[in-house]
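Beneath this line is the structure, given in structure tokens, with notes to follow.
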């Protein structure tokens, strides 16, 4: 059912996929077991002449022991899933890199994305900082800290192949981080209904070797100062 | 006129049913247009024309609103509670019949306001059925000036209607029970309807407060949700989901109640674990208020809130899995009759299971990072709400139809309708999990804008064809339903040999339900296949009260 997922391209993508596969295994087992058991029950206990039904009401602990045992199994599996989930959540959402290799400010607005790269001194003020639209470039295998901002309504920054999603609330700056491990473009979509042209709010993130990235950024800076002049 | 403006709970129950079915047609039409646009972006849809982006946003908003508040709520809570609660507990009518009538007509007004909002300048609300501000709070952002205020007005009326109904359901169960109808003899349907009402009552307050603030933001220029005016967009999400998650159980529980009622009748054995199920209902009612933020893992709320809410979400699987296992146990050692209501009940068991299991992908916060707001979520909640509203709803309609209308539905057409619906429902929503796994976002008006979705264009096309087939299959139901109301063979009082009180009244029951003699309850609701009994079932009402006493009661109960 989940074989259509895009191949993951981020450092933590494999962790998230392993959790998804774990849940898939557990729920898949219960799906097959319970649907199978249901079909068996329907066939086994279809009404036949001469065969009556039980008067069992399931009110004693002895009768209920199977129910209790099964619920305990469900609870234990759920807790196991959640324990795994908690570790990954901490990695992806709570522990932001303290010394990121690059910090990019992601600006969302109706209906476009833009990405601001800081000046050498870390400042996001123009003209030293440069802003690219629709396409974000990042260096390969480097930890990138994203500072997400919205100008108007709620947007959501979603990179399906990187397994990263974060809503962006106007009036705040929300952090996220990313380390892409495969060269090439990966799709970006807005996943929070943001107005008439919400559907047009796509984009992409391009991961490339550090040298190529530096070259691209220099080109952007040159173009920006050209415009400023 | 007295047949239309009736205070008889049975008439009001039927009126809610007709209203829900009518609105379901509107909801189905919006679904058709949404699916058409996904399969054939920007190609004119037959019977409508090109679905513009703005119109698409209105359609997804209204589809969700209509299906939850104008189809699921009237059919499951409005219709079933009104029709069944007095009949199942042995009351002659609701505690407050006039309030009950008002409840229905306010709902009609609400539906008219909602449908009229399509024709307002700028059109209907287009901010999603969840109405997240700032998008919903400032008309500049959607370009729809009056949609959100009209949407809020319609919802306010709907909630007023549900509140009036709910007061009645609770008061009736507490005060109007027949002699001998002790708490542990109340049928599970009535218990479930009561739980659903309680869940609704204690969750709707915060939403109403939130809605007032949203209305003020729209019309009075306040900024409760607008950061540039010192407001907080997340506030709405907390208030909305504090209501929104319990609302899922408001829809689920009546369906569950209907299925629990149908299982013993067609298995000819008692429900397994009646008291366990009651305890689970109580636990689920309390826990339903404590899980709301699992809709908000990636919303930007404090990241440290995710794990507590993830754990609470897991806890709520305990009562529901226990109820599920009890229902499976109720099929063991039984003698199953595959009548049409039983098919729907079993269809509910089979399909809702998928909704429950796929919820784990979303309740675990880290996998939700990926799945949130993709079509996986759409598939998941349709696997919970569709089984509740339609499998549960059709189970209830086909089961109680003889009691409601005094006639029988055609069983062949009923079987055809079930199998077509079962087939096409799964054909629509199963592939949607695959589409969601690619990462297709919800609520995008034009799939062709995303090249990474090209691979699932075929699947999307298939889903659309299946959705149209699913909608068209419902014609079988409507033909059977309306033909049988007028021309179906006459039904006896108890065609299914069921034990609960409603089957001791005539089909259809007269005004006042039992004529001069009120029932006296002497047994539990599910006394099937008991040793020593003359038949494989024992009615709850076995003894009739002496006649003189009754005539006094009738005078009190039925105003001339």
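Bear in mind these aren't lab numbers, they're just calculated from the coordinates by the rules spelled out. Predicted, not measured: the structure shown is a model, and the values here were computed from it. Note: ideal-geometry Cβ built from the backbone for every residue, glycine included; neighbour counts use all protein chains shown.
Here are the numbers for the structure shown:
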| quantity | calculated |
| --- | --- |
| Kirkwood-Stokes translational diffusion coefficient of the stretch B:234-366, alpha-carbon pairs, 10 °C, 1.306 mPa s, µm²/s | 99 |
| Pair residue B:105, residue A:35: separation of 7 Å Cα→Cβ label points (nm) | 4.9 |
| Using alpha carbons only: equivalent-ellipsoid semi-axes of the stretch B:299-450, gyration tensor based, whole Å | 34, 21, 12 |
| Distance between the stretch B:445-481 and the stretch B:81-140 - C-alpha centres, whole angstrom | 28 |
| Residue B:2/residue B:465 FRET efficiency (R0 45 Å; Cβ-Cβ; nearest 0.05) | 0.45 |
| For the stretch B:259-336, convex hull volume per residue from C-alpha positions, Å³ | 90 |
| Cα-derived Rg over Rh, computed across the stretch B:454-546 with Rh taken as Kirkwood radius | 1.28 |
| Three-way shape call for the stretch B:382-436 based on the alpha-carbon gyration tensor, with the a/c threshold at 1.5 | oblate |
| Value of [θ]222 nm, deg cm²/dmol, for chain B, DSSP H segments ≥ 4, -39500 (n - 2.57) each, nearest 500 | -20500 deg cm²/dmol |
| Dimensions in Å of chain B - Rg and Dmax from alpha carbons | 23.6, 79 |
| Sorted largest first, extent of the stretch B:81-240 alpha carbons per principal axis (Å) | 61, 31, 21 |
| Rg over Rh [alpha-carbon atoms, Kirkwood Rh] for the stretch B:21-153 | 1.08 |
| Hypothetical label at residue A:98: residues of the stretch A:133-175 whose amide nitrogen lies under 19 Å (7 Å Cα-Cβ projection) | A:143-146, A:175 |
| Spin-label zone in the stretch B:145-170 - amide nitrogen under 18 Å from a point set 7 Å from the Cα of residue B:202 along the C-beta vector | B:163, B:166-170 |
| Stokes-Einstein diffusion coefficient of the stretch A:119-219, Kirkwood radius over Cα pairs, 20 °C, 1.002 mPa s, in µm²/s | 147 |
| Footprinting exposure proxy for B:419, B:496 (fewest neighbouring C-beta atoms within 10 Å first) | B:419, B:496 |
| Solvent-free Debye scattering, log10 I(q)/I(0), computed from the Cα coordinates of chain A at q = 0.17 Å⁻¹ | -1.27 |
| Pairwise centroid distance, computed over Cα atoms, of the stretch B:492-511 with the stretch B:237-262, Å | 28 |
| Between 0 and 90°, nearest 10: helix B:411-438 axis offset from chain B longest Cα axis | 30 |
| Residue-averaged beta-carbon neighbours from other chains (10 angstrom radius) around B:223-232 | 2 |
| Angle between chain B longest axis and helix B:53-65 axis [Cα atoms, degrees, rounded to 10] | 20 |
| Chain B: relative contact order as a whole-number percent, Cα under 8 Å and 6+ apart | 16 |
| Calculated FRET efficiency for the pair residue B:52/residue A:181, C-beta based, R₀ 51 Å, to 0.05 | 0.80 |
| Kirkwood Rh and Cα Rg combined as Rg over Rh, evaluated for the stretch A:28-115 | 1.33 |
| Distance histogram in 10 Å bins (all Cα pairs of the stretch B:153-302, percent per bin) | 10, 31, 30, 17, 9, 3, 0 |
| Calculated SAXS-style log₁₀ I(q)/I(0) at q = 0.07, 0.08 Å⁻¹ - the protein assembly as shown, Debye, Cα scatterers | -0.53, -0.68 |
| In degrees, nearest ten, helix B:306-315 long axis to first principal axis of chain B (Cα) | 20 |
| Approximate spin-label separation residue B:337-residue A:83, in nm, with each point projected 7 Å along Cα-to-Cβ | 5.0 |
| Computed over the stretch B:318-392: relative contact order in percent, which uses C-alpha pairs under 8 Å that are six or more apart | 38 |
| Chain A - mean residue ellipticity at 222 nm from DSSP helices (-39,500 (n - 2.57) per run, n ≥ 4, rounded to 500) | -12500 deg cm²/dmol |
| Global form of the stretch A:10-62, assessed from the alpha-carbon gyration tensor, a/c cut-off 1.5 | oblate |
| FRET efficiency estimate (nearest 0.05) - Cβ-Cβ, residue A:218 to residue A:18, R0 35 angstrom | 0.35 |
| Three-way shape label, the stretch B:210-258, alpha-carbon gyration tensor, a/c 1.5 | prolate |
| Inter-probe distance in nm under a simple model that places probes 7 Å from Cα toward Cβ, at residue A:141 and residue B:25 | 6.5 |
| Relative contact order computed over the stretch A:81-170 (Cα-Cα under 8 Å; 6+ residues apart), in percent | 26 |
